Amino acid sequence: MAVAEPSLLGESPLWHPTEQVLYYCDIPGKQLLRFDPRSGERQGWDFETEPEFQQKLDWMRSFIDAELIPLEPVFKRMPAGEWALVKKHLQKQVKAQGLWACHLDAALGGPGFGQMKLALMHELIGRCPYSMEIFGNQAPDSGNTELLAAGANEAQKERWLWPNLEGRLR
């Protein structure tokens, strides 16, 4: 099937059997596209973000490229105590940018970013195997913190939630 305006890099094609249309992602264009082969019509949803958040994403890209990815060859060989110091230093930089635990709202120490911003962040974070830990939103901790925030009693929050949010549990 030929699409009238091809994307430079597309992925995740999904043929919708009821609508008889093709959905796919244009990665560099940050769009979800819908193509109707009967009419040739192409419809797109733009996922660009506001300039202030784009600056955060740009910082993340630079930080991951300059600080995290260069550690990949050595971080598994670092003694645990040394890695803990390095990790704490890196997490401090993330926190200073307001990018720590972004899946949580402000009452729990995060900025409360919605799913779109998290998706854009995870596109960058996914480039380094330990970056989710540096940004405070690694699985299963991110989901656990959300559950603890919603349903834990005070003793459970003291034991599990607050240390997790501070990056002291892993």
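Annotations
- Cα-based Rg of region 72-129 normalised by 2.2 N^0.38 Å, two decimals: 1.31
- GNM flexibility winner over the chain from Cys128, Cys102, Cys25 (Cα, springs under 10 Å): Cys25
- 1.4 Å probe accessible area per residue over region 27-165, in Å²: 56
- Take every Cα pair under 8 Å whose residues are at least 6 apart in sequence, average their separation, divide by the length of the chain, and the relative contact order is 13 percent.
- Taking the C-alpha atoms only, the angle from helix 141-151 to the longest principal axis of the chain is near 80 degrees.
- The chain: most fluctuating residue of Glu52, Glu19, Glu72 per GNM, C-alpha cutoff 10 Å: Glu19
- In Hz, Karplus ³J(HN,Hα) per residue of region 98-107 (6.51, -1.76, 1.60; θ = phi - 60°; x = Gly, Pro): x, 10, 8, 6, 5, 6, 9, 7, 4, 4
- Heavy-atom accessible area for Ser62, with the other protein chains in place and a 1.4 Å probe, reaches approximately 70 Å².
- With every protein chain in place, the chain: carbon and sulfur % of accessible area (1.4 Å): 56
- All lysines inside 28 Å of Lys157 as judged from Cα atoms, apart from same-chain residues fewer than 8 positions distant: Lys87, Lys88, Lys92, Lys95, Lys117
- Tensor-based shape of region 1-147 (alpha-carbon gyration tensor, a/c under 1.5 rounded, otherwise prolate or oblate): prolate
- Each Lys or Arg adds one and each Asp or Glu subtracts one; over the other residues with Cβ under 9 Å from the Cβ of Glu19, this totals 0.
- Theoretical gain in end-to-end length, Leu118 to Ala80 [0.36 nm per residue, Cα-Cα removed]: 10.8 nm
- Once the Kirkwood radius over Cα pairs is known for region 131-170, the Stokes-Einstein relation at 25 °C and 0.890 mPa s delivers a diffusion coefficient of 246 µm²/s.
- When the Cα gyration tensor is reduced to axis lengths a ≥ b ≥ c, the ratio a/c is 1.5 or higher for region 40-107, and with a/b above b/c it is classed as prolate.
- Residue with peak Gaussian network fluctuation, the chain [Cα springs, cutoff 10 Å], from Gln156, Gln97, Gln20: Gln20
- Only protein heavy atoms count here; on that basis, with a 1.4 Å probe, Trp83 has an accessible area of about 30 Å².
The values are calculated or read from the model by the stated rules, or taken from the named source; none is laboratory data. The structure presented is a predicted model; accordingly, all values stated were derived computationally and were not measured. As a convention, Cβ positions derive from the backbone with ideal geometry for all residues, glycine included, and neighbour counts pool all protein chains shown. Protein only, heavy atoms only, side chains kept; ligands, DNA and RNA dropped before computing areas. Shrake-Rupley method; radii C 1.70, N 1.55, O 1.52, S 1.80 Å.
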